[in-house]
Amino acid sequence: MKRNEKHIECSGLSVGYDSRIVVDNVTMDLRTGEICCFIGQNGRGKTTLFRTMLGLIAPIGGTIRLNGRPLHRWSAIERARMVAYVPQAHQGVFPFSVRDVVLFGRTAHLGLFASPGSHDRKIAEQAIEMLGIGHLAERPFPEISGGERQMVLLARALAQEASMMILDEPSSNLDYGNQVLLLRKIRELAQYGIGIAMATHSPEHALQLEARVAAIVDGGLRVWENATDALNPEDMKRVYGIDINMASALDAGGKPLRFLYPISS
């Protein structure tokens, strides 16, 4: 698949529960090898939109196509082989090892009663190595830190060998250092050729990831091709309801940096 080829296409999509529309008339595409950051206030429909794009919730209106084929014509297993999902911070209850949790990503490639084979274990080990969590492989998943758990969930999604990943606020409740590490790995995955849709509370993440931006505002979705165009004071006030400005600086290598800050009333 070519780097900029459309992968998931939404056209006139309306999402919500029962007959109540949460986000209306969504028209956009998600492409392999690129990152799109979804921003907006809490409770405005980012998770609902993601769950609809995954086929977990039926759309109220409009269409979703995966590789040009209507989403409802893909089985759950077929969808899982194409699109991986990393939910919001997951605590875990059962004391599975990190290696086993990553290996669960191979489920989409196994038969109903099949067990993982040597090939599946090899793919899981490669995912563990790529995410740099080999030192955690034998640790019980519930006992590792929040930042480490997010890396494990990314590794599980990578082991799924999907072309797309949908990440629902993967940096929630992470400290600054773990956020930086997580964003670096997300960029690596995109460079590896995976298309990534990521919900975030921090619009600055779009700048750091050099991502496209999709903002839920006024009950709809507005999309920008680059973060610098999106994160302007006028549009950010519409999205978040407060006055925000953008400042610029240079890093040690002379590369321009941009960041947002609230304007005092």
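We did not get these values from a lab; they are worked out from the coordinates using the rules stated. The structure displayed is predicted, hence computed values, not measured ones. Glycine gets a Cβ as well: all are built from the backbone with ideal geometry, and neighbour counts include every protein chain shown.
Relative contact order for segment 59-175 using alpha-carbon pairs under 8 Å, separation at least 6, rounded to a whole percent?
Reported relative contact order: 42 percent.
Among S202, S14, S145, which one shows the biggest mean-square fluctuation in a GNM of the chain, springs joining Cα atoms closer than 10 Å?
S145
Check which residues have an amide H placed less than 5 Å from V217's amide H, if you skip close sequence neighbours.
Residues meeting the amide H criterion: R222.
Once you place label points 7 Å from the Cα toward the Cβ at R184 and I263, how far apart are they in nm?
Calculated label separation equals 3.6 nm.
Using just the helices of the chain, give the 222 nm mean residue ellipticity in deg cm²/dmol: DSSP H runs with n ≥ 4 each add -39,500 (n - 2.57), and the total is spread over all residues, rounded to 500.
Helix-only estimate at 222 nm: -9000 deg cm²/dmol.
Evaluate the Debye formula for the chain with equal point scatterers sitting on the alpha carbons, no solvent, and hand back log10 of I(q)/I(0) at q = 0.11, 0.15, 0.16 Å⁻¹, in q order, two decimals.
Calculated log10 I(q)/I(0) at the listed q: -0.63, -1.15, -1.28.
Explain nothing, just compute: Karplus ³J(HN,Hα) = 6.51 cos²θ - 1.76 cosθ + 1.60, θ = phi - 60°, for every residue of segment 59-76 in order, whole Hz, x for Gly and Pro.
Values, residue by residue: x, 7, x, x, 9, 10, 10, 10, 6, x, 10, x, 4, 5, 8, 9, 6, 4 Hz.
Could you check the spin-label model distance between Y17 and S172? Points 7 Å from the Cα along Cα→Cβ, value in nm.
1.5
For the pair T27 and K122, how long in nm is the line joining their label points, each one 7 Å along Cα→Cβ?
Roughly 4.6 nm, to one decimal.
Of all DSSP beta bridges in segment 108-265, what percent run antiparallel (nearest 5)?
70
Where does the charge balance sit around R212 when Lys and Arg score +1, Asp and Glu -1, over other residues with C-beta under 12 Å from its C-beta?
Overall, the nearby charge balance is -3.
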